[in-house]
Structures are given as structure tokens and as C-alpha cells.
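Engineer: Next up is a structure, given as C-alpha cells.
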Amino acid sequence: MRFSLAQPQRRALLALALLAPSALPAASLPELVQAAKPAVVLVGTHAETDSPRFQFRGSGFVIGDGLSVVTAAHVLPDALLPSERSPAANAAAAGVVRQLVVQVWRGGSRWEQRTASVQSVSRATDLALLRLEGNPVPTLALAPPEPTPQEGIDVALIGFPIGGLLGFSHVTHRGVLSAVTQFVPPQNSARQLTAAAIRQLREAGTTLYQLDAVAYPGNSGGPVFAIDSGQVIGVLSMSLARSGREGALSAPSGISYAIPVAALHELLKR
């Protein structure tokens, strides 16, 4: 049986499509992962004198027009942050030309390296926005800043734990949004927070999502999804470790923290 939509229905469907052009439809976790992988990227640096030339630093994901990359601020080298000396000055001092780059997945084990630049950084919320060169790539949809997701919902993390130790492959961890809190885990985190960084988060009154999900060094900057909607609700920032970085690898606590997407919306307004 054939049927057609009335004109008002067509307009309504078009409006919905325009509101969320890159949204992942509600689906099973395997379907969500396959749809999201092309938008989850490697963030690092490139220098002809490094071995390997690409030095992985953390995960990231693409949003908006396909050329904007979100990651954690602590993933970026200090010398490449706007508040520090310029990359050119750093290179002149060290005698090394080191560029910020992003690796975009092209299927299988194929990656395409793109030059990137820092567009905006919030140290207080540990978020950074990068700008890619080249053609747009697939994007992820952000959840709205309000309302805050309910505690207990199922979430998924996608990133690159332990860097390229076993080769670069997207890895997914599943968990639960355990708590919405303003507390920061003291010292022993895979992020290796400094006292100043902890103080900044506390003074800013930063809300954090505590996740019952395993994460490792390398996951920082990756997206945290609400599985039911397929939308990004946060950016992975740190994981609690029992005994520093080594403990994060050998005996992960299963407790991780993410910056809520509301903080990312604020950064995008700048």
C-alpha cells in the first residue's frame, strides 16, 4: 500500500532533520559504535625528528561542520596552548618543528593525518576545541545542555586506551552514569592532576559525571555517549587509579570522570 505525507507533516520532518543533522539514531550499542567510529579521532603531534613521527597524546571527536574537534585540554602539549609561548617560539628554542595533528580513520587500519590548530581552550573545565585542515569528516551529535542526564543511565566510551601500544583501534567501554558530582578525585589519577588543576576545577564549581566504566590513559578527550539516544553527554577527562599511571594500566579502578556536555556548549559559544 502506498501513502504520502501531507505538506505539514513533510515540513515537520524536515525541521527535525535540520535540528539534528548528525544525530545517531537510537539503536543497539553495536550499531552506535559502528556509526560513531569515523568521527572519533587520534590527537597527537608530528615531528620529523620524533620516532615514531606521530606521537599519540589522546582521543578526540568531530562535531559541527566536520572540521571542529573536541578533546581534553590536558591532552595538548603546553607549548601549543594559546596561553603559552607560540609553537614557532617553542620550535626555535628546541630546534624541533613539532605540529599538532589529528589522525582521521579511513576504515580498517588506514588513518589519514591532518594538521590541526587550537581554536579555544578552557583549562578550568579541561576542554579544548581544535580546527582541522582539509575536507569535512563525519560528526557526532551533542546532547542539549539541559536537562542533566539521569543517574543510572547506560553510557559508552569510545577512544584509544593505552595509545598505540597494540596498534590504533577504536575501543568501546560500557558503563553507567553513577553520579553527578562536583568533587575531584585527589592525586592518583591517570590524568596526573596537579594541585593547581584540581583547585581550578573546584573554584570553577565544575560539575563532573562519575562513571562506572573502565578507562585508561589514552581515553582522555574521547566522547561519552548516552546509549539510548546515541548523543554525546560528556568528554572523558580522567580515571581514578590506585597507584598512579602504572596502576591505571595494570589494575584499573573502573571509576572514570567526564566533563558534562553543558561545559562544551559554553566553550562553543565563545
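The values are calculated or read from the model by the stated rules, or taken from the named source; none is laboratory data. Being a predicted model, the structure only gives us computed values, none of them experimental. As a convention, Cβ positions derive from the backbone with ideal geometry for all residues, glycine included, and neighbour counts pool all protein chains shown. What goes into the accessible areas is simple: the full protein's heavy atoms, side chains included, and nothing from ligands, DNA or RNA. Shrake-Rupley method; radii C 1.70, N 1.55, O 1.52, S 1.80 Å.
Engineer: I'm checking my understanding of the structure. Among residues of segment 192-250 that are of a type in the set (D, E) and modelled with pLDDT of 85 or more, which one is farthest from H74 (Cα to Cα)? Step through it out loud before you land on a result.
Structural biologist: So in segment 192-250, the residues of a type in the set (D, E) come out as 203, 212, 228, 246.
Subset that is modelled with pLDDT of 85 or more: 212, 228.
Numbers: D212: 22, D228: 29 Å.
It comes out as D228.
Engineer: Answer with yes or no whether G152 is in contact (Cβ under 8 Å) with a residue 12 or more places away in the chain, open to solvent by less than 30 Å² (accessible area, probe 1.4 Å) and not aliphatic (A, V, I, L, M).
Structural biologist: Judged against the criteria, G152 is not a match.
Engineer: Could we say that S256 is modelled with pLDDT of 70 or more, over 17 Å from K37 (Cβ atoms), in contact with a Lys or Arg (Cβ under 9 Å, 6 or more places away or on another chain) and buried (at least 20 other Cβ atoms within 10 Å of the Cβ) here?
Structural biologist: No, not satisfied.
Engineer: Go through (1) closer than 25 Å to A263 by Cα; (2) out of contact with any Lys or Arg (no Cβ under 7 Å at 6 or more places or on another chain) and name the single condition V43 misses.
Structural biologist: Answer for V43: the failing condition is (2).
Engineer: Being of a type in the set (K, R), under 18 Å from F56 (Cβ atoms) and in contact with a helix residue (DSSP H, G or I) (Cβ under 9 Å, 6 or more places away or on another chain) is the filter here; which residues of segment 102-133 pass it?
Structural biologist: If the condition is that a residue be of a type in the set (K, R), under 18 Å from F56 (Cβ atoms) and in contact with a helix residue (DSSP H, G or I) (Cβ under 9 Å, 6 or more places away or on another chain), then R106 is the only one that fits.
Engineer: If you don't mind, there's one more thing I want to ask. Which pairs turn up if I take residues in segment 226-253 that are of a type in the set (S, T, N, Q) and assigned to a strand (DSSP E or B) and look for partners that are crowded, with 21+ Cβ neighbours inside 10 Å and modelled with pLDDT under 50 with beta carbon separation below 6 Å, at least 6 apart in sequence or on another chain?
Structural biologist: Sorted first by the residue in segment 226-253, then by its partner, the pairs are S239/A190.
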